[in-house]
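Shown next, in structure tokens, is the structure this report addresses.
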Amino acid sequence: MTQGETLYTEGRLGEAWDALIKEAKAGDGRAMYCLGQYHLFGLSEARENPLEAAAWFRRGAEKDALSALMAALFLRKEELDQAALAEALVRAEAEAAEGNVNALYASAAVLWSGTGEAIPADEEKARDLCGRAAELGFWQAEMEMGLHHLNGTHAEKDEAKGAALLKRAADKGVGKAEYHLAFCFLEGIGVEKNAARAVSYYQKALRHGYVKAAVELGVYYETGTYVHQDQKKAYQLYKKAADQGDAEGKAHLGDMLLAGEAVKRNVRQGTALLNEAARSGSAYAVLRLGELAFSSGDEKGAFPYFLEGARMGLPAAQYLTGVCLLGGRGTAADREAARGWLRRAAQGGSREAAALLVQAGL
């Protein structure tokens with residue numbers, strides 16, 4: 001292994017980054033593979049960016065079997081060279097047989113879904129390979145198998161086992177694992193509920209470069225939930241996330257600029273950030289744009305935002321969609337459609353929706 005791959009494998013992601021960049025510039029395909037994983041998972045110096053990840057995997061594909069396998073996951077089946085992929089899998093499995101954990105993990109990654117005729121999907125084999133990498137202490141496999149056990153995807157649902165695997169990766173200082181473990185402590189999933197430990201793990205995740213943790217912490221500081229309220233700190237956290245391109249960070253930063261409580265009010269910039277975030281898939285931004293339009297009296301302009309947010313699964317947006325449909329506000333009245341959205345909102349925890357269902361006799 002090169003220095004970069006060794007550091008990456010050990011979970012020393014901050015140290016590995018510079019070494020991998022140098023090795024990639026020198027043409028090392030394995031370094032390109034590792035850098036692709038940084039961007040795929042939002043590790044240390046990188047944010048989650050599948051397009052950038054795919055670019056790194058493609059750069060390394062001609063030189064490295066693992067890069068070739070990962071690049072295949074981003075291509076349409078008609079674009080794949082099945083014979084070349086079958087050969088890449090043989091080379092990867094040879095490395096895996098010698099205990100290379102990156103090869104075990106990459107082989108599993110392609111086998112979860114398969115590539116077609118040359119590499120058919122084989123969930124059992126993928127689970128075995130990823131499990132072996134986890135047993136060898138590889139943080140990436142520990143995190144992957146932990147999430148599978150938590151969610152019941154590709155592995156038997158076992159929340160305690162999932163949280164334990166996440167903790168093993170988190171103990172190595174992997175920010176994304178710390179982030180997910182924080183959520184486990186926040187909700188009591190596989191571990192005893194403990195808000196203080198959740199906040200602590202979010203803080204660790206942020207220190208280790210996982211920018212999504214900045215948004216979670218920002219919400220806590222803005223609202224005074226689990227921590228002492230500090231809106232200026234919330235603003236700084238949102239800005240940190242937004243500056244790295246995080247859609248939710250942009251949405252919350254825009255909201256604070258519109259409110260003008262902790263910082264100088266800037267309606268133009270705040271609205272622009274909300275629109276950017278909405279285009280990048282932030283359900284919160286979509287909801288806020290709808291609420292802003294609704295409160296200004298533009299109910300017809302608000303309804304499409306509420307409906308989009310509802311389809312994205314946001315209970316608050318589902319409730320407001322139901323309200324609009326029930327009262328014919330911004331759209332034609334439709335009692336049956338209103339009932340459906342209000343029920344979804346209530347199932348998602350909206351007390352307002354549950355009360356309105358009873359009140360309206362739905």
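The values are calculated or read from the model by the stated rules, or taken from the named source; none is laboratory data. Predicted model, so just to flag it, every value in this text is computed and none were measured. No Cβ is skipped: glycine too gets one built from the backbone with ideal geometry, and neighbour counts run over all protein chains shown. Keep in mind that these areas ignore ligands, DNA and RNA; they rest on the heavy atoms of the full protein, side chains included. Shrake-Rupley method; radii C 1.70, N 1.55, O 1.52, S 1.80 Å.
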Mind checking whether some residue in region 300-319 is among the polar types (S, T, N, Q) and open to solvent by less than 40 Å² (accessible area, probe 1.4 Å)? yes
Name the residues in region 133-179 that are at pLDDT 95 or above and hydroxyl-bearing (Ser, Thr, Tyr), would you? Tyr179
Across (1) in contact (Cβ under 8 Å) with a residue 24 or more places away in the chain; (2) open to solvent by less than 60 Å² (accessible area, probe 1.4 Å), Gly224 clears everything bar (1)
Residue that is least open to solvent (accessible area, probe 1.4 Å) [pool: residues in region 108-149 that are out of contact with any Leu (no Cβ under 7 Å at 6 or more places or on another chain) and charged (D, E, K, R)]: Glu144
Output the residues belonging to region 18-43 that are in contact (Cβ under 8 Å) with a residue 60 or more places away in the chain and either under 14 Å from the mean Cα position of the chain (by Cα) or over 14 Å from Gln140 (Cα atoms) (or both). Arg30, Gln37, Phe41, Gly42, Leu43
Output the number of residues of region 151-198 satisfying the condition of being among the small types (Gly, Ala, Ser) and closer than 16 Å to Tyr226 by Cα. 5
Going through region 1-18 in order, the residues found to be under 17 Å from Ser67 (Cβ atoms), part of a helix (DSSP H, G or I) and of a type outside the set (S, T, N, Q) are Gly4, Glu5, Tyr8, Ala16
Of all residues in region 150-178, which are assigned to a helix (DSSP H, G or I), of a type outside the set (S, T, N, Q) and open to solvent by 20 Å² or more (accessible area, probe 1.4 Å)? Glu159, Ala160, Lys161, Ala164, Lys167, Arg168, Lys176
Any residue at all in region 285-297 that is among the aromatic types (Phe, Trp, Tyr) and under 20 Å from the mean Cα position of the chain (by Cα)? no
Single unsatisfied condition, Ser280 versus (1) in contact with a Gly (Cβ under 9 Å, 6 or more places away or on another chain); (2) open to solvent by less than 70 Å² (accessible area, probe 1.4 Å); (3) closer than 20 Å to Val215 by Cα; (4) of a type outside the set (Lys, Arg): (2)
Of the residues in region 194-209, those that are touching an Asp or Glu at 6+ places or on another chain (Cβ under 7 Å) and open to solvent by 10 Å² or more (accessible area, probe 1.4 Å) number 4
With criteria (1) under 19 Å from the mean Cα position of the chain (by Cα); (2) at pLDDT 95 or above, Ala196 comes up short on (1)
Six or more apart or on different chains, Cβ atoms under 7 Å: show the pairs whose first residue is in region 160-187 and at positive phi and whose second is not polar (S, T, N, Q). Gly173/Gly11; Gly173/His208
If you scan region 250-259, which residues turn out to be of a type outside the set (A, V, I, L, M) and open to solvent by 30 Å² or more (accessible area, probe 1.4 Å)? Lys250
Name the single residue, out of those in region 14-57 being modelled with pLDDT of 95 or more, among the basic types (Lys, Arg) and touching a helix residue (DSSP H, G or I) at 6+ places or on another chain (Cβ under 8 Å), that is least open to solvent (accessible area, probe 1.4 Å). Arg30
Residue check: is Tyr220 modelled with pLDDT of 95 or more, under 12 Å from Gly175 (Cβ atoms) and in a helix (DSSP H, G or I)? no
Just the residues that are over 32 Å from the mean Cα position of the chain (by Cα) and surrounded by 15 or more Cβ atoms within 10 Å (Cβ to Cβ), please, taken from region 335-359. Leu356, Leu357
